[in-house]
Amino acid sequence: MIENKKIIVALGGNAILSDDPTAEAQIAAIRQTCDRLVDLVEHNNQLIISHGNGPQVGNLLLQQQLANSEKNPALPLDACVAMTEGSIGYWMQNEMSSILKKRHIDKSVVSLITRVEVDKDDVAFEYPTKPIGPFLTEVEVAEAREDGGKYIEDSGRGYRKVVPSPKPVGIVECDTVKQLIEHGVITISCGGGGIPVLKTEEGYKGVEAVIDKDFASEKLAEQVKADVFIILTGVDHVYINFNKPNQKKLEQVTTEDLKQYIEQGQFEPGSMLPKIEAAVQFVEASDHGIAIITSLGNLDNIHQGAGTVVVKHKQVTSKEASITAEMY
Ligand SMILES: Nc1ncnc2c1ncn2[C@@H]1O[C@H](COP(=O)(O)OP(=O)(O)O)[C@@H](O)[C@H]1O
Ligand SMILES: NC(=O)OP(=O)(O)O
């Protein structure tokens, strides 16, 4: 297992949500996820966790719209992001602290409502691309479109609402995250990509958008100078020619190779592309860090080199090697 490192783990949808969107089912999924993550803590790593909120924030927005009235007005999307960051973080705190106690690990865990600065001129505000909420049928989407929102067909799985997803410029609470992890606190931050805010003369103001959690996690990993950035998703490895007869698993791969694969259009914009871009950006910005894309189930095996490991150089540097050595 990786030891004594500063690690940020970005949790994908299936680490929190199965097909069952009830609170009970989400808590059960989070319990399993936390059980795996505590292994990293047991090996003396400083742990920062981030997570997605696409399904949850879309569902909450729908609930807001359905209950909307003069006495009970719907809250804006940035407030919904904050609410889902809070609810998912709260479930994680409950489950993580129980597991820590059971394993006799004397550590605390906190989830931090994290604001993430975005650029008011980001073109994303004009072109909504981030799918949120439930998958809708053709009949359901016709009715949903009456809200004036934009809906797209999502990879043959149904229609989903899309909202603007600006790129993160900086993590407002970054120094607080640093202080927490330096004091040994397991820190959940940038949940749901963090709350998108604009910097104004009067301070930060929320803006209606959902930031991609892979990009927000990358920015945080960069700013706290993490050693390892782990993106957990539904597959053990990234593939080129994904789902084709000639698909090929990527094990150790350089950022240069990944950039070429991006140019070839190997990765889908709505799913794997943001993870690849985030991994490349982190590894290139860091002087020694590596990124790993794999599944939760494979986390136990990353010390054996399992998963797609993104490095800067074909011949790893001595600093990269000190991290990857434990993995091969
Ligand atoms: N080139 C690829 N290699 C591996 N998986 C891919 C690739 N392209 C698309 N995928 C799919 O994308 C999924 C990850 O995207 P998504 O489910 O949107 O992310 P998240 O886990 O953050 O919710 C994987 O589980 C896999 O099914
Ligand atoms: N905010 C975000 O990226 O959420 P998902 O990963 O659930 O889409």
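Before moving on, here are some points about what is shown:
- Among residues of segment 275-294, those that are within 16 Å of ligand 2 (Cβ to nearest atom) and open to solvent by 10 Å² or more (accessible area, probe 1.4 Å), counted: 3
- Of all residues in segment 30-37, one or more are at pLDDT 95 or above, of a type in the set (A, V, I, L, M, F, W, C), under 15 Å from S217 (Cβ atoms) and within 16 Å of ligand 1 (Cβ to nearest atom).
- Residue match in segment 189-204 (condition: open to solvent by 80 Å² or more (accessible area, probe 1.4 Å) and either closer than 24 Å to L40 by Cβ or under 20 Å from the mean Cα position of the chain (by Cα) (or both)): no
- Being within 25 Å of A226 (Cα to Cα), in contact (Cβ under 8 Å) with a residue 40 or more places away in the chain and surrounded by 14 or more Cβ atoms within 10 Å (Cβ to Cβ) is a property that holds for I16.
- Selection count where residues are part of a loop (DSSP other than H, G, I, E, B) and open to solvent by 70 Å² or more (accessible area, probe 1.4 Å), scope segment 74-84: 1
- Residue ID - modelled with the highest pLDDT, chosen from residues in segment 313-328 that are open to solvent by 10 Å² or more (accessible area, probe 1.4 Å) and among the hydrophobic types (A, V, I, L, M, F, W, C): V316
- Scanning segment 1-28 for residues that are in a helix (DSSP H, G or I) and of a type in the set (D, E, K, R) yields a count of 1.
- Listed conditions (1) aliphatic (A, V, I, L, M); (2) out of contact with any Pro (no Cβ under 7 Å at 6 or more places or on another chain); (3) closer than 30 Å to K249 by Cβ; (4) within 16 Å of ligand 2 (Cβ to nearest atom) are all met by V228, apart from (4).
- L60 fulfils the conditions (1) modelled with pLDDT under 95; (2) open to solvent by less than 40 Å² (accessible area, probe 1.4 Å) except for a single criterion, (1).
- Number of positions in segment 179-198 that are away from ligand 2 (no atom under 16 Å from the Cβ), in contact (Cβ under 8 Å) with a residue 24 or more places away in the chain and in a loop (DSSP other than H, G, I, E, B): 2
- Only listed residue being β-branched (V, I, T) and without any contact (Cβ under 8 Å) to a residue 40 or more places away in the chain, chosen from V162, V253: V162
- Filter result (of a type outside the set (S, T, Y), in a helix (DSSP H, G or I) and within 21 Å of E117 (Cα to Cα)) within segment 141-178: C174, D175, V177, K178
- Residues being within 28 Å of H288 (Cβ to Cβ) and more than 23 Å from the chain's Cα centre (by Cα) - total across segment 242-255: 1
- Scanning segment 128-186 for residues that are open to solvent by 70 Å² or more (accessible area, probe 1.4 Å) and touching a Gly at 6+ places or on another chain (Cβ under 6 Å) gives a single hit, F135.
- Exclusive hit being part of a helix (DSSP H, G or I), at pLDDT 95 or above and either within 16 Å of ligand 1 (Cβ to nearest atom) or open to solvent by less than 60 Å² (accessible area, probe 1.4 Å) (or both), set S69, S50, S87: S87
- Restricting attention to segment 119-167 and to residues that are touching a helix residue (DSSP H, G or I) at 6+ places or on another chain (Cβ under 6 Å) and of a type in the set (S, T, Y), the residue that is nearest to ligand 2 (Cβ to nearest atom) turns out to be S165.
Residues are listed down the side, and each one gets a yes or a no for (1) in a loop (DSSP other than H, G, I, E, B); (2) of a type in the set (V, I, T):
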{"residue": "M92", "(1), (2)": "no, no"}
{"residue": "S97", "(1), (2)": "no, no"}
{"residue": "D121", "(1), (2)": "yes, no"}
{"residue": "V139", "(1), (2)": "no, yes"}
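The values are calculated or read from the model by the stated rules, or taken from the named source; none is laboratory data. This one's a predicted model, so the numbers in the text were calculated from it and none came from an experiment. Counting neighbours? That spans all protein chains shown, and the Cβs are built from the backbone with ideal geometry, glycine included. We work out accessible area using only protein heavy atoms, side chains counted, and drop any ligands, DNA or RNA first. Shrake-Rupley method; radii C 1.70, N 1.55, O 1.52, S 1.80 Å.
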